[in-house]
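**Student:** The following block contains the structure, expressed as structure tokens.
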Amino acid sequence: MTLGASVVTIGAFDGVHRGHQELLRQTIAAAQQRGLPAVVYTFDPPPKVYFGQAEALNSLAEKLERIATFGPDHVIVADFDRTYIRRTAADFIAELERLHPHEVIVGEDFCFGSCKSGTALLLGQHFNTRILQPVRCSDGEIVSSSRIRTLRRSGLAAAAASLENWKDVLTAPSATLSNLARLRVANQ
Ligand SMILES: Cc1cc2nc3c(=O)[nH]c(=O)nc-3n(C[C@H](O)[C@H](O)[C@H](O)COP(=O)(O)O)c2cc1C
Ligand SMILES: Nc1ncnc2c1ncn2[C@@H]1O[C@H](COP(=O)(O)OP(=O)(O)OP(=O)(O)O)[C@@H](O)[C@H]1O
């Protein structure tokens, strides 16, 4: 996919939890301020699921539905497979360049490229990059897909759901599932 200009966020986004939601909100707000398309670049399956390190918190359809409620213009879904993982950090940066990002917005632990060699700081050497401070829950712990998986495994479904925070998102005035209809989904 090629765009003349964009604002981009990247990640596995498994569960589309409160940390991911903040990333999505900031990306879409930055894109709207500049009048540019907001792009969410994600992976299917999530890398940790591909490598057998985790079970997915939701299906691709569910993830796209959740992402759509925030109102991005495009979602790029990379087929995360044995061919894709051979790409280097430089290959990934070259692919991102085709989107001509005015800004790339990621969390501080974001990594990319074969053997996870690319970091958010490396991204910052190539693009105007905003690195988000981690969103934490009330006990100070960082919200993460891994934490939600652990809570679910321990039978703490309500605590897991509070990190996903879906009830509040779906009742927010700006959230609408009909956004899914206008969302453009591309494979790379
Ligand atoms: C081109 C590319 C190659 C990747 N190769 C690997 C890999 O070899 N091993 C790995 O564990 N993760 C690999 N990943 C996944 C990243 O480690 C990371 O999980 C992914 O970029 C999503 O970031 P997030 O986990 O912060 O959401 C790769 C990602 C990209 C974009
Ligand atoms: N709590 C958080 N606050 C801010 N950004 C976050 C948070 N969690 C993840 N991110 C960012 O969201 C994007 C997607 O991250 P990712 O899908 O790996 O989430 P994760 O919760 O860290 O997953 P996992 O626990 O499986 O490693 C990345 O840019 C990452 O840095």
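Rule-based calculations on the coordinates, nothing more; no lab input. No experiment lies behind these values; they were computed from the predicted model shown. Note: ideal-geometry Cβ built from the backbone for every residue, glycine included; neighbour counts use all protein chains shown.
**Student:** Rg/Rh for region 51-132 to two decimals, with Rh computed the Kirkwood way over all alpha-carbon pairs.
**Tutor:** Reported Rg/Rh, Kirkwood definition of Rh: 0.96.
**Student:** FRET efficiency for Asp91 and Leu3, Cβ-Cβ distance as r, R0 = 25 Å, nearest 0.05?
**Tutor:** My answer for the efficiency is 0.85.
**Student:** Oh, and also: Is it possible to state the helix-based mean residue ellipticity at 222 nm for the chain, with each DSSP H run of 4+ residues giving -39500 (n - 2.57), the sum divided by total residues, to the nearest 500 deg cm²/dmol? What is it?
**Tutor:** -10500 deg cm²/dmol
**Student:** Taking the Cα-to-Cβ direction at Asn165 and at Glu62 and moving 7 Å from each Cα, how far apart do the two end points lie in nm?
**Tutor:** 1.9 nm
**Student:** Of Ala5, Ala120, Pro134, whose Cα points farthest to the positive end of the dipole of the chain (charges on the beta-carbon: +1 Lys, Arg; -1 Asp, Glu; origin at the Cα centre)?
**Tutor:** In the chain, that residue is Pro134.
**Student:** Along the Cα→Cβ direction, 7 angstrom out, place labels at Gln32 and His100. What is the inter-label distance in nm?
**Tutor:** Inter-label distance under the simple model: 2.4 nm.
**Student:** Now a separate question. Given just the C-alpha atoms of the chain, how large is their convex hull per residue in cubic angstrom?
**Tutor:** Enclosed volume per residue, from the Cα hull, is 117 Å³.
**Student:** Using a ≥ b ≥ c from the Cα gyration tensor of region 5-101 (square roots of the eigenvalues), is it rounded, prolate or oblate, where a/c under 1.5 gives rounded and otherwise the larger of a/b and b/c decides, a/b for prolate?
**Tutor:** oblate
**Student:** Still on this model: Go ahead and collect, in residue order, the members of region 47-84 whose backbone nitrogen is under 16 Å from a label point 7 Å along the Cα-Cβ direction of His126.
**Tutor:** Taking a point 7 Å out along Cα→Cβ of His126, the residues of region 47-84 whose backbone N falls under 16 Å are 78, 84.
**Student:** For every other residue with a beta carbon closer than 11 angstrom to the beta carbon of Arg130, add +1 if it is Lys or Arg and -1 if Asp or Glu, then tell me the sum.
**Tutor:** Neighbourhood net charge equals -2.
**Student:** May I pose another question? Can you work out ³J(HN,Hα) from phi for every residue in region 115-128, in order, using Karplus 6.51 cos²θ - 1.76 cosθ + 1.60 and θ = phi - 60°, giving whole Hz and x for Gly and Pro?
**Tutor:** 6, 6, 6, x, 10, 4, 5, 5, 4, x, 7, 10, 9, 5
**Student:** Multiplying the sequence separation of Glu55 and Gln188 by 0.36 nm and subtracting their Cα-Cα distance, what value in nm do you get?
**Tutor:** That pair, Glu55 and Gln188, stretches by 45.5 nm at full extension.
**Student:** Using a Gaussian network for the chain with springs between C-alpha atoms less than 10 Å apart, which of these wobbles most: Ser145, Ser162, Ser154?
**Tutor:** Ser154
**Student:** Tell me, what ³J(HN,Hα) does each residue in region 12-24 have, in order and in whole Hz, if you take phi through Karplus 6.51 cos²θ - 1.76 cosθ + 1.60 with θ = phi - 60° and put x for Gly and Pro?
**Tutor:** After applying 6.51 cos²θ - 1.76 cosθ + 1.60, I find 6, 6, 6, x, 6, 7, 4, x, 4, 4, 5, 4, 5 Hz.
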